[in-house]
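Taking it in order: structure first as structure tokens, then the write-up.
The values are calculated or read from the model by the stated rules, or taken from the named source; none is laboratory data. Keep in mind it's a predicted model, so treat the numbers as computed, not measured. Glycine also receives a Cβ, built like all others from the backbone with ideal geometry; neighbour counts cover every protein chain displayed. Only protein heavy atoms, including side chains, enter the accessible area calculation; ligands, DNA and RNA are left aside. Shrake-Rupley method; radii C 1.70, N 1.55, O 1.52, S 1.80 Å.
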2 protein chains.
Amino acid sequence: MYESSPTATGAFGLFVFCAGKTLSMKSIGNVKPQSMHFVEPLPLQSGAVLSDYTLVYETYGTLNADCSNAVLVCHALNASHHVAGTYEGQPKSTGWWDNMVGPGKPLDTNRFFVIGVNNPGSCFGSTGPMHTNPATGKPYGALFPVVTVEDWVHAQARLADALGIRKFAAVMGGSLGGMQALAWSTLYPDRVAHCLVIASTPKLSAQNIAFNDVARQAILTDPDFHDGDFYAHGVVPKRGLRVARMIGHITYLSDDDMAEKFGRDLRGTDYQFGYGIDFEIESYLRYQGDKFSEYFDANTYLLITKALDYFDPARACQGDLAVALSGTQAEFLVVSFTTDWRFAPERSREIVQALVKNERRVSYAEIDAPHGHDAFLLDDPRYMAVVRAYYEKVWSGLDMQMPAVQREAA
Amino acid sequence: MYESSPTATGAFGLFVFCAGKTLSMKSIGNVKPQSMHFVEPLPLQSGAVLSDYTLVYETYGTLNADCSNAVLVCHALNASHHVAGTYEGQPKSTGWWDNMVGPGKPLDTNRFFVIGVNNPGSCFGSTGPMHTNPATGKPYGALFPVVTVEDWVHAQARLADALGIRKFAAVMGGSLGGMQALAWSTLYPDRVAHCLVIASTPKLSAQNIAFNDVARQAILTDPDFHDGDFYAHGVVPKRGLRVARMIGHITYLSDDDMAEKFGRDLRGTDYQFGYGIDFEIESYLRYQGDKFSEYFDANTYLLITKALDYFDPARACQGDLAVALSGTQAEFLVVSFTTDWRFAPERSREIVQALVKNERRVSYAEIDAPHGHDAFLLDDPRYMAVVRAYYEKVWSGLDMQMPAVQREAA
């Protein structure tokens, strides 16, 4: 048992933990995705409307009688509703945050009812550009409306309604997922008790947007993109997707981590003096690009990078993030990683400072991890301990509110 | 007149200057490129041989009687022999380092005989992939041999021979040009009196190589590349070149500078919810990419990025840069810029430390400039003053060696 637990403070608090003991943790095991169809049109920030749509989601753990133990996990660019566990007969299908979510894990499914939901526009099951546009009878393609972080949150709120969850014990996400958590705290302030914003930012920088736009240009100018209607042509703009993924991947790793993992290691014994693979880093990146281009949808890549670019809750408040966050009611945990140069700690500190200005209860952990942006998906024990300790606090808060009979059963 | 002048020290010296007075400087005016054909085959590091080749170059100023005032300026990825001045009737044809080289400028053409030379493999006049391969009678295309920084230096040395220059007063370059200057100091130690290595690195990092490889992949997978033989097809792989340039450009600017110049400024008044231009940074990068794809050769881009990747003088010395630089005889000025994240100051310090270990005379300036890697091309007054002061020193050294009659004439 992990024994320490932090007290969230009303002020800017930095804490870093080391887990003292080895924890017994296992995966949640086999899981099954579910889906729900919504017929009520979803008005989007762009002015467009998603006439009807399906959301694919997974749940882990058991919703308690007063529906107070639900935690929503929001996914980032390349992920989905499949947060934890594996699919039957597919041992390699482990969820993207399986190290974080499961029995005995930092987000403990023995205590919490955890929901992972795939966002509209994605390519992993929820309604997206590859699905039939009811207006044309053909795949949406490039006609799928540009969706925003806020649109996703509204869609997620409808799923919560349908599942009978009035208020989440916590909404949590890393990177783009962290933006969704933050948006929950402003759009539905009374429906979020705790908000965990990890390796995220209140808005993209010019450099972030620049990288996204180069990736988009690689896809948009791939002759196989066919203005987004490549489905009808029986092709996939793999070249563009591959380059887009390679660019993205560079920004996920730290310079130091890349140096440590690959350095200038050669694939062979000497320079090849050609354009094949000389360096191990080339081999790695090309492999990542190839793999990605096999399964990811090009229209989805465009949509999701736009959602990233557009996220800027302070925009409606003359750029004042403190004003933008003034209506929040949640308590917050903000986590950043020192070597993350995509969304550097400074960006997380902006969120913390805006919350402190509003006298919100916020805890902040800046983890000295070497793995860049990707660190939020990895197993740094201090990071895991921070999240674990925070969920201890979330749980103890629930415990206080629970009727005695449930407290005993818990 | 600028009055201060640094003394190069045998130890690691940091100095930053502010020019106290405005200097009267003008461009060198109209210049003309020259060319020289070499029939002696040039053996390359790859084992291939360039059977015969032409070098295009420009010179500014006057070579003195004992040929001791020659300075070689080496160009980086996107530049050429056209360092300073303009071409007649083309007022916008200003050389790429016109702010640095000219009458009264830091590298003063009233004193020095300055040579800019276009490297083999480039697309600005010297023999390159678009020229006829004597072995086939067709353009080299992808058959143009991969050339290295060291190959370029050997080619430059032949030009120096032909011009009667036994020893350079200085060899100077920024970025990839700095690598050439450094290579001169090891390959021809007795032919370089002073070596100016600016915004450079002793070798590319894994992250540097990664960015280069993504750019290459964008070009190599452009259907219009035709395995490098696009000349025969009457097309240009513009899509690939455009993406390559956009990626490169991001790495030339600092995050802060991009934030300052563009931030999240919109082109219009609101989000467009499409894939046109929303942000000013997108407009800028796409414009840079488009422009570049109009004039740069795709095979050259591949060649030059490979030359960058391969440069690693310590490689033959078990990675020990001090050993690699132990044969140098020059005095050195090394300059870096604090916000340069492509070749960060740390990389320049590696060079300085290796030189100090060898008890070479080296001066080091780390300029706190906001403009990232591009700073080496810009007008930071402290940077300009450092280079100016260093050339004062170079000049005063020449002066000592000069016969009295010449000293008076100077």
Angstrom value of the Kirkwood radius, inverse mean 1/r, which spans all Cα pairs in the range B:169-213
11.0 Å
Tell me the net charge near A:V83. Cut-off is 9 Å between Cβ atoms, A:V83 excluded, with +1 for each Lys or Arg and -1 for each Asp or Glu.
-2
Which length gain, in nm to one decimal place, applies between A:N110 and A:T132 when the Cα-Cα distance is subtracted from 0.36 nm times their residue separation?
4.0 nm
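Quick check for you: with a 1.4 Å probe and neighbouring chains kept, what is the accessible area per residue of chain A, in Å²? Please list the in-between numbers first.
Working: 15140 Å² over 410 residues.
Accessible area per residue, chain A: 37 Å².
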Chain A: D in µm²/s via Stokes-Einstein (Kirkwood Rh, Cα pairs, 4 °C, 1.567 mPa s)?
59 µm²/s
I want the local charge near B:L107. Using Cβ-Cβ distances under 13 Å, sum +1 for each Lys or Arg and -1 for each Asp or Glu among the other residues.
+1
How big is the accessible area of B:T136 in square angstrom, nearest 10, if you roll a 1.4 angstrom probe over the protein chains?
70 Å²
Amide proton proximity set for A:F38, modelled H, under 5 Å, gap of 5+
A:Y53, A:T54, A:L55
Cβ-based charge dipole, chain A, positive-most Cα from A:C317, A:T136, A:V31
A:V31
What percent of all Cα-Cα pairs in the range A:82-189 falls into each 10 Å bin, going from 0 up to the bin containing the maximum distance?
12, 37, 35, 14, 2
Output the antiparallel fraction of DSSP beta bridges having both residues in the protein assembly as shown, as a percent to the nearest 5.
35 percent
Return the distance in nm (one decimal) between the two label points of a simple spin-label model at B:D320 and B:D52, each offset 7 Å from Cα along Cα→Cβ.
4.5 nm
In chain A, helical segments from DSSP H whose Cα atoms cover 24 Å or more along their own axis and that average at least -1.0 on the Kyte-Doolittle scale are A:381-401
Listed by chain and number, the aspartates and glutamates with an alpha carbon less than 14 angstrom from that of B:K138, same-chain partners under 8 positions apart left out, are B:D229
Between the label point of A:D229 and that of the same position in each other copy, find the distances and list them shortest first in nm, with every label point placed 7 Å from Cα along the Cα-to-C-beta direction.
3.5
Straight-line reach check, A:K32, cutoff 19 Å on alpha carbons, 8 or more apart in-chain or any other chain, hits among lysines -> A:K92
To the nearest 20 Debye, how big is the dipole of the protein assembly as shown about its Cα centre, given +1 on the beta carbon of each Lys and Arg and -1 on that of each Asp and Glu?
160 debye
Across every pair of different alpha-carbon atoms, what Kirkwood hydrodynamic radius in Å does the range A:261-349 reach?
17.6 Å
Of B:G289, B:L303, B:S348, which is farthest on the positive side of the dipole of the range B:266-410, counting Cα position, with +1 on Lys and Arg Cβ, -1 on Asp and Glu Cβ, and the Cα centre as origin?
B:S348
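Restricting things to alpha carbons, find the Rg to Rh ratio for the range A:306-377 using the Kirkwood radius for Rh. Please report the intermediate quantities before stating the final value.
On the way: Rg = 13.0 Å, Rh = 13.1 Å.
When Rh is taken as the Kirkwood radius, the ratio is 1.00.
How many Cβ atoms of partner chains, on average, are near each residue of B:236-245 if near means within 10 Å of its Cβ?
Working: counts 0, 0, 1, 8, 4, 0, 4, 11, 3, 1.
Whole-number average of other-chain Cβ neighbours for B:236-245 is 3.
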Where Rh is the Kirkwood radius over the Cα pairs of the protein assembly as shown, the temperature 20 °C and the viscosity 1.002 mPa s, what D in µm²/s does Stokes-Einstein return?
74 µm²/s
May I ask you to derive the FRET efficiency for A:N30 and B:S396 from their Cβ-Cβ distance with R0 = 60 Å, giving the value to the nearest 0.05?
0.15
Please average, across the residues of A:272-281, the number of beta carbons from any other chain that are within 10 Å of each residue's own beta carbon, and give a whole number.
6
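At a threshold of 8 angstrom on Cα-Cα distance, excluding pairs fewer than six apart, so keeping six or more, what relative contact order does chain B reach in percent?
After rounding, I find 21 percent.
Evaluate the range A:121-168: find the radius of gyration of its Cα atoms, find its Kirkwood radius, and give the ratio Rg to Rh.
Numbers: Rg = 13.0 Å, Rh = 12.1 Å.
Here the Rg-to-Rh quotient is 1.07.
Would you kindly state how much longer the chain becomes between A:R158 and A:E260 on full extension, computed as 0.36 nm times their sequence separation minus their alpha carbon distance, in nm to one decimal? Please report the intermediate quantities before stating the final value.
Numbers: separation 102, 0.36 × 102 = 36.72 nm, distance 4.49 nm.
So the extension gain works out to 32.2 nm.
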At 7 Å out from Cα toward Cβ: B:V323 inter-copy label distances (nm, ascending)
6.3
Hey, could you pull the Cα Rg and Dmax for the range A:179-281, both in Å?
19.7, 62
Need the list of lysines near B:K203 for cross-linking: C-alpha distance under 27 angstrom, and skip anything on the same chain fewer than eight residues off.
A:K261, B:K167, B:K306, B:K357
Inter-site label distance for B:S93 and A:D290 at 7 Å from Cα along Cβ, in nm:
4.7 nm
Residue (of B:Y188, B:Q90, B:F230) at the positive-pole extreme of the protein assembly as shown, dipole from beta-carbon charges
B:Y188
When the expected Rg is taken as 2.2 N^0.38 Å, what fraction or multiple of it is the alpha-carbon Rg of the range A:237-395?
1.30
Inter-copy label distances at A:P134 (7 Å, Cα→Cβ; nm, one decimal)
7.3
Which far-off residues, 5 or more places away or on another chain, put their amide H under 5 Å from the one on B:L196, with H placed in the peptide plane?
B:V171, B:M172, B:G173, B:L333
Taking the Cα centre as origin and putting +1 on Lys and Arg beta-carbons and -1 on Asp and Glu beta-carbons, what dipole magnitude results for chain B, to the nearest 20 debye?
580 debye
